[in-house]
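The values are calculated or read from the model by the stated rules, or taken from the named source; none is laboratory data. It should be emphasised that the depicted structure is a prediction, and the values quoted were computed from it without experimental measurement. FYI the Cβ positions are ideal-geometry reconstructions off the backbone, even for glycines, and counts take in every protein chain you see. The area values use the complete protein model at the heavy-atom level, side chains included, leaving out ligands, DNA and RNA. Shrake-Rupley method; radii C 1.70, N 1.55, O 1.52, S 1.80 Å.
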Amino acid sequence: MATWMYVVSAILILIMIVYLYILLHPIFGGKPSPQSLEHINRSKNRLKGKFVNLIETSVDHSLKGNLSILIDMIKGGPGRRPRNPLNVVPYSPSPGPSSEAKVTWFGHSALLLELDGKRIFLDPMLGRAPSPTPIAGGKRYSDKLPCEAEDLPELDAVILSHDHYDHLDYVTILKLRDKVRRFFVPLGVAAHLERWGVSPERIEEYDWWEEAEFEGIRLVCTPARHFSGRSLTSNTTLWCSWVLHGEQARIFYSGDSGYGPHFAEIGAKYGPFDLTLMECGQYDQRWASIHMMPEQTVQAHLDVRGAVMMPIHWAGFTLALHPWTEPVERAGREAAKREVEMITPRIGETVMVGGKQERVQTTWWRQAE
């Protein structure tokens with residue numbers, strides 16, 4: 001047999017192994033149930049079997065565009081990761097319901113809310129790497145978390161914004177699934193949780209603008225400008241932001257999103273908000289339609305009519321080319337310019353929403369460098 005035939009055979013075998021790995025490994029999620037599929041097919045946010053954004057949203061996937069990104073990734077750049085692992089504040093859960101709303105940042109976009117006596121975890125990605133395999137995707141900036149998933153107390157709810165690996169983590173869900181009462185997710189994401197052992201009775205799926213009432217807390221699945229996918233297909237599940245209206249506080253969580261008119265629409269319908277948790281990081285001009293630039297983060301906060309802004313989606317992983325501290329520095333300068341109050345707690349630090357402790361404006365990341 002000619003050498004080229006051995007090479008072709010080896011390539012075909014490798015392709016088949018990768019295909020079977022993606023097909024069979026549960027980390028890549030599941031297919032929707034007939035009930036879920038019926039809800040998905042009713043959505044007005046679909047075109048030719050895929051979910052779409054409210055406005056035209058495209059990223060350059062040309063060979064030239066992908067090569068430029070790959071070359072820049074290989075070249076690297078200064079300050080894309082902290083020199084040393086980040087220190088975190090250990091999380092100690094309160095023994096009972098809090099008299100005030102609280103939020104604890106676990107790094108990146110993982111946030112534990114205490115609202116109206118409920119513990120609600122937003123995008124609890126507590127894994128070590130934002131990828132289907134630890135050898136890819138980059139390591140977390142901190143050696144440890146404020147609290148490991150298995151050591152967390154019982155959770156009243158988990159709310160997910162979309163199914164990307166830096167927001168929905170297979171191993172984390174396995175550790176949390178038996179201590180979470182309810183899961184609130186955008187359309188299509190229930191299939192992943194069901195494959196990972198979460199009973200369908202504990203999962204509720206929502207389309208944009210659909211509302212839920214969870215024991216006195218009003219939840220609204222609101223639009224975002226992004227995309228989805230965990231395997232070979234994309235945009236078969238929905239992405240979203242979330243509105244949480246409680247008695248103690250009104251909170252907006254942006255999820256992942258490029259800037260767009262949906263923020264002003266959310267603000268008009270559901271604002272004002274005591275606290276906004278706004279994406280700020282992992283951006284680049286080449287994919288600015290799906291991830292906001294820091295100055296746009298501040299504008300989005302103003303659009304939704306927020307009182308205090310907390311930048312998230314940074315200080316966890318390197319998923320873009322900018323220095324790791326650039327997002328919070330740029331957002332801080334824009335916030336000062338626009339007279340927006342911005343808080344910057346350390347990872348693991350619990351802050352009150354609306355209370356005196358909320359004004360956490362340290363520059364802890366500078367000391368980390």
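Brief remarks follow.
- Modelled FRET efficiency - R0 25 Å, Arg181 with Trp209, Cβ distances, 0.05 increments: 0.55
- Selection among Leu176, Phe273, Trp287 by position relative to the dipole of the stretch 166-318 gives Leu176 as farthest towards the positive end (Cβ unit charges, Cα centre).
- Rg/Rg_ref, the stretch 84-367, where Rg_ref = 2.2 N^0.38 Å and atoms are Cα: 0.91
- Rough spin-label spacing in nm, given labels placed 7 Å along Cα→Cβ, for Glu201 and Glu100: 3.9 nm
- Here's how it looks for Met342: its modeled amide H is under 5 Å from those of Met309, which are all 5 or more places away or on a different chain.
- Model label sites at Lys50 and Arg81, defined 7 Å from Cα along the beta-carbon direction, differ in position by 3.3 nm.
- At the residue level, Leu244 shows approximately 0 square angstrom of accessible surface with a 1.4 angstrom probe and all protein chains present.
- Net length available on complete extension from Leu67 to Leu174 is 34.9 nm, with 0.36 nm assigned per residue and the Cα-Cα distance removed.
- Pairs from the list Lys75/Lys139; Lys44/Lys102; Lys50/Lys175; Lys31/Lys269; Lys31/Lys175; Lys144/Lys179 with a Cα-Cα gap above 24 Å: Lys44/Lys102; Lys50/Lys175; Lys31/Lys269.
- Rounded to 10°, Cα long-axis angle of helix 3-24 versus longest principal axis of the chain: 30 degrees
- Taking trypsin sites (Lys or Arg not before Pro) in DSSP loop conformation with at most 10 other Cβ atoms inside 10 Å as exposed sites, the chain has its longest uninterrupted site-free stretch at 84-369.
- Normalised by the number of residues in the stretch 84-367, the mean separation of alpha-carbon contacts (under 8 Å, six or more apart) gives a relative contact order of 18 percent.
- Stretchable slack from Leu232 to Ile11, in nm (0.36 nm times residue separation minus alpha-carbon distance): 77.7 nm
- When a 1.4 Å probe is rolled over the protein heavy atoms, the share of accessible surface on the stretch 84-367 that falls to carbon and sulfur comes to 49 percent.
- Candidates Ile159, Ile343, Ile135: whichever shows maximal mean-square fluctuation once the chain is modelled as a Gaussian network with Cα springs under 10 Å: Ile135
- Rounded to 5, percent antiparallel among DSSP beta bridges of the stretch 162-269: 75 percent
- Accessible area in square angstrom per residue, the chain, 1.4 angstrom probe: 45 Å²
- Choice from Gln285, Gln299, Gln35 showing the highest fluctuation, given a GNM over the chain with Cα pairs closer than 10 Å: Gln35
- The stretch 147-258: C-alpha gyration tensor shape, a/c 1.5 cut-off, then a/b vs b/c: oblate
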